[in-house]
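Below: one structure, written as structure tokens.
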């Protein structure tokens, strides 16, 4: 079939080959810290204005997010260190140049990095194929120059993409895409060449949608606990992925941080939790499960099409 729209084959989770995490863990836990930088005066189009409240500059909204890099990040860092969490930075790569102190703190802790674009005010949806191809080269070279690390995955800037995005990611050597919110396990994404998987990133356990809906830290922690408890039970049969996504300018606020502390303490008190980074989860899946799951899904969909 032509691509797209057939990027991901349908596969009921109850019929798939089972997933086994290292050490027999039930749940692979990855904690995502969205380390972002917004432009005060972004170059935008009419489709997607990052600051639609008032004409630019919108100092109120810009400065709310700037709080994350000035204060919230450092408050989060203490809690993550307390629980031994090696996080994955969902990173606007401009942070590496604008905030070297943050860069050095993440490198010192050997965090994992996935691209969230250069700035969170520059998007992928309108890029030509040639421009997007060069954009990946820029992301890869910027991360390597500042951290020595190879870029392996991406959550699109402001979760935007083009029709070519999965193919170009795989062509550039990336192995996972976090924009697909469709599963509790990694799953193959069909691309022109190479291997690319969706890595479960969740809106429900993301502080952004929760706090924008006027929920607070206690509610967010309650949702995350309930999510973990269910995945932990199901993970006895086939491994699951638990993603907790936090923003320094949101969860890093004084009145919310204790809820994150309690949540991580609760999850990490369980046996059978593999606290991993996005890169580690994707690499384990590709090495041990990708081929079998992809073949099963192809067979299932071929039968369905007659």
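I'd like to verify a number: residues in the stretch 117-146 that are modelled with pLDDT of 95 or more and under 18 Å from the mean Cα position of the chain (by Cα), how many?
4
So that you can scan it fast, the table gives a plain yes or no per residue for (1) at pLDDT below 95; (2) in contact with a helix residue (DSSP H, G or I) (Cβ under 7 Å, 6 or more places away or on another chain); (3) surrounded by fewer than 23 Cβ atoms within 10 Å (Cβ to Cβ):
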| residue | (1), (2), (3) |
| --- | --- |
| 77 | no, yes, yes |
| 81 | no, no, yes |
| 86 | no, no, yes |
| 90 | no, no, no |
| 93 | no, yes, no |
| 98 | no, no, yes |
| 103 | no, yes, yes |
| 109 | no, no, yes |
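If you scan the stretch 118-142, which residues turn out to be surrounded by 15 or more Cβ atoms within 10 Å (Cβ to Cβ), in a helix (DSSP H, G or I) and either touching a residue at least 60 places away in the same chain (Cβ under 8 Å) or touching a helix residue (DSSP H, G or I) at 6+ places or on another chain (Cβ under 8 Å) (or both)?
Within the stretch 118-142, 132, 133, 136, 142 meet the criteria.
Looking only at the stretch 143-171, which residues are surrounded by 15 or more Cβ atoms within 10 Å (Cβ to Cβ) and more than 18 Å from residue 92 (Cβ to Cβ)?
162, 164, 166, 167, 168, 170, 171
So residue 93 passes all but one of these: (1) in contact with a strand residue (DSSP E or B) (Cβ under 7 Å, 6 or more places away or on another chain); (2) not in a loop (DSSP other than H, G, I, E, B). Which condition number does it fail?
(2)
If residue 37 passes every condition in (1) within 29 Å of residue 263 (Cα to Cα); (2) loosely packed, with under 13 Cβ neighbours inside 10 Å; (3) modelled with pLDDT under 95 but one, which one does it miss?
Residue 37 satisfies all of (1) within 29 Å of residue 263 (Cα to Cα); (2) loosely packed, with under 13 Cβ neighbours inside 10 Å; (3) modelled with pLDDT under 95 except (2).
If we scan the stretch 46-66, do we find a residue that is touching a helix residue (DSSP H, G or I) at 6+ places or on another chain (Cβ under 8 Å), surrounded by 19 or more Cβ atoms within 10 Å (Cβ to Cβ) and either part of a strand (DSSP E or B) or modelled with pLDDT of 95 or more (or both)?
No - not one qualifying residue is present in the stretch 46-66.
Six or more apart or on different chains, Cβ atoms under 6 Å: show the pairs whose first residue is in the stretch 1-22 and at negative phi and whose second is at pLDDT 95 or above and exposed (fewer than 14 other Cβ atoms within 10 Å of the Cβ).
Taking only residues 6 or more apart or on different chains, the pairs are 17/292.
Is it the case that the stretch 98-113 has a residue that's over 21 Å from the mean Cα position of the chain (by Cα) and closer than 23 Å to residue 258 by Cβ?
no
If residue 73 satisfies every condition in (1) touching a strand residue (DSSP E or B) at 6+ places or on another chain (Cβ under 9 Å); (2) loosely packed, with under 15 Cβ neighbours inside 10 Å; (3) not in a loop (DSSP other than H, G, I, E, B) but one, which is the exception?
Every condition holds for residue 73 apart from (2).
Six or more apart or on different chains, Cβ under 6 Å: which pairs go from a residue in the stretch 48-63 that's more than 21 Å from residue 160 (Cα to Cα) to one that's surrounded by 14 or more Cβ atoms within 10 Å (Cβ to Cβ) and modelled with pLDDT under 80? Could you list them?
Close Cβ pairs (under 6 Å, with a partner that is surrounded by 14 or more Cβ atoms within 10 Å (Cβ to Cβ) and modelled with pLDDT under 80) amount to 58/51.
With in contact (Cβ under 8 Å) with a residue 40 or more places away in the chain and either under 17 Å from the mean Cα position of the chain (by Cα) or under 22 Å from residue 242 (Cβ atoms) (or both) as the only criterion, which of 207, 179, 167 stands out?
207
Would you check if residue 250 is in contact (Cβ under 8 Å) with a residue 60 or more places away in the chain and out of contact with any strand residue (DSSP E or B) (no Cβ under 8 Å at 6 or more places or on another chain)?
Here the answer is yes, as residue 250 does meet what is asked.
The values are calculated or read from the model by the stated rules, or taken from the named source; none is laboratory data. On a predicted model such as this, the values are computed, not experimentally measured, just so you know. Cβ: placed from backbone, ideal geometry, glycine included. Neighbour counts: every protein chain shown.
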